[in-house]
Each structure stands twice: as structure tokens, then as C-alpha cells.
Amino acid sequence: MGHHILILGGTTEARALAAALAKTTHRVVLSLAGRTRAPMAQPVPTRIGGFGGAAGLARALRAEGFDLLIDATHPFATRISDNAAKAALETGIPAFALRRPPWERQPGDLWTCVGTMREAVAALGDTPRRVLLAIGRQEAALFEEAPHHAYLVRSVDPVIPPLTLPDVRYILATGPFDEAEEHALLVTHRIDRIVAKNSGGDATYGKIAAARALKIPVILVERSSEAGLPTVGTVPEALARIDHVLAPGRKRGV
Ligand code: NAP
């Protein structure tokens, strides 16, 4: 008999895991924050919007009788991951995270690694640069602190309100982005700095590979330390863990 599984999503991996689970007897709900104006079609039923913190998530897990919670949110979505760990602890419902590993520096990469987006702003320096901001829209406004650079801002949805910067252009686009495409973008816009998050995965690695080829420095915001849930790195590992955790006769909370 299938179990009732809640996936916290908003990532390619969450969608792929949901698609794999849709072929099983498990009943799966995929939860999205509701940030994207036109979210992609999903292979399982979805619910949209916050739960109301860790306590709200715990209430939803209990009220809807979930047997397993999977945090497959973006590596930089730290609040929801923290909530997931707390709600799992509070309810005793088994939980784990599906989190793609970060990118590793390769020979030829010109990376400056920083801990926060504010540090990324500072790392751009005093010399005017032509910057690709590939960080999403939520923290783009921090770059108003460095108005002497020219910015090309790429995001899924528009940056609202628009940035108060003298030289800023916007591209609305949803990944994946391959290396050839990224190479062309960097050359066309004469980009000489990239600001990105170390998200890991293939979908947005194209800009990192293209920057290496073009010898463009990348300011890379690293992840903060991981939340408390046990973590797997790939969808097949997640499926194996689900089988293990939900195996008949297994006690809860493992
Ligand atoms: P966040 O700061 O960790 O979360 C903020 C609040 O949004 C959470 O406290 C929660 O509200 C709600 N929330 C977030 N993810 C949710 C989900 N999957 N289902 C239901 N509620 C959710 O997250 P964020 O950085 O704003 O990211 C929002 C979503 O976009 C995430 O689902 C993430 O996977 C996706 N995303 C984020 C990034 C990024 O770079 N941050 C990139 C790509 C995709 P309540 O406390 O009210 O429950």
C-alpha cells in the first residue's frame, strides 16, 4: 500500500522526484512557495503558499496524515529547510532532504567565494564592471549599493520594483541554460564579472563553464551550513531512501 508523502519543492529535483513517485502507489503532494508567476506543470497534485512557519508545517503534516516529509527546496532556501527540520522533530514524522551537491572549483575557474550576497556586492570592487547578475530577483536590490557597475539581471520573473541603478538591463528566462547559450550571452553583452549562487546541478552550470572558457571572474555565493535533516544528493538516492524509510515494519522517526 502506498504512503502519503509531502515534497517541499521549487526545484528541478523536486519535480523529477515527484514524477518518479507518480508511477508508484504512493500518494504525493508537492508544495510550492508560490513565488513564480507561472509555475511549471507538475506531475503530482500541488499545494501553493507558506504553511505559517515550522509550527504551521507541523500542523499540516499531522492534519493531513503524511508519512514522510522530503525537503527538496533550493539550497539557498534556508528558512523553509529550517522549518522542515523543526517540524520533523516536533512531529516525529520521518524526513530527509534532497539537496544537490555544490559545484567544485575546476582548473581555470576564476572564482571569488563569498558567504553572503552583501559580500558579493563588495567583491565587485571599485572599478566599474559589466556584471551578469544570475542570482534570481529576491536579493538583486542589494546591488543598488554599487551603482558604478553596469548590470544585466537575469531572473524568471521581473524584478519589482525595478532597480534604481543608472545602467541596468533585464532578461527574463527560465533555465536550463547550456554552455553555448551562456557563452553567447556573455560575449554579446561584454560581461566581465558574474555573480551567482553555488546552487550545484547541471541546469545552471552553463554560465560557470562558459566563464571558465572566457576567463571571466565569477563571484560565487556559497551555501550557509546545512539544516539538520539527513541529506541525499540525487533523485535515485532519494527513491532508495524512501523505500528504506517506508519499508513495512519499520518504526517511525528513522
Ligand atoms: P525561504 O526563504 O527558505 O522561505 C521563505 C518562506 O516561504 C518559508 O518560510 C515558507 O513560508 C515559504 N516557502 C518556501 N518554500 C516553500 C515551499 N516549497 N512550500 C511552501 N512554502 C514555502 O525560501 P525562498 O528562498 O524564498 O525560496 C522560495 C521557493 O523558491 C523555495 O520553495 C525554493 O525551493 C524555490 N527557489 C529558491 C531559490 C533561491 O535561490 N532561494 C532558487 C530557485 C528556487 P512559511 O514559513 O509560511 O511556511
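Readers should treat all values here as calculations from the given coordinates under stated rules, not as data from a laboratory. All of these numbers come straight from a predicted model, not from anything done at the bench. Cβ coordinates were reconstructed from backbone atoms using ideal geometry, including for glycine residues, and neighbour counts include every protein chain displayed.
Structure notes:
- The alpha-carbon positions of the stretch 111-221 define a convex hull whose volume is 90 Å³ per residue.
- If R0 equals 30 Å, the separation of the Cβ atoms of Ala180 and Gln138 corresponds to a calculated FRET efficiency of about 0.60.
- Count, lysine Cα pairs under 24 Å in the chain, 8 or more residues apart or across chains: 4
- Think of it as helices only: each DSSP H run of n ≥ 4 in the chain is worth -39500 (n - 2.57), and spread over all residues that comes to -8500 deg cm²/dmol at 222 nm.
- Net dipole in debye of the chain [+1 Lys, Arg Cβ; -1 Asp, Glu Cβ; about Cα centre; nearest 20]: 520 debye
- Packing order of peptides 161-169, 199-207, highest average first: 199-207, 161-169 (average count of other Cβ atoms within 10 Å over each peptide's residues).
- Ranking of Arg105, Arg15 by count of other Cβ atoms within 10 Å, fewest first: Arg105, Arg15
- Residue-span extension gain [His4 to His244] - 0.36 nm each, minus C-alpha spacing: 84.9 nm
- For the chain, the alpha-carbon radius of gyration amounts to 1.09 times the rule-of-thumb value 2.2 N^0.38 Å expected for a compact globular protein.
- HN-Hα J in Hz across the stretch 193-200 - Karplus 6.51, -1.76, 1.60, θ = phi - 60°, x for Gly and Pro: 8, 10, 10, 9, 9, 6, 7, x
- For the chain: relative contact order, % (alpha-carbon pairs under 8 angstrom, 6 or more apart): 21 percent
- For Arg47, the residues 5 or more places off, or on other chains, whose built amide H falls under 5 Å of its own are Leu30, Ser31, Leu32.
- Pairwise label distance in nanometres, His148 with Ala213, each label 7 Å out on the Cα-Cβ vector: 3.3 nm
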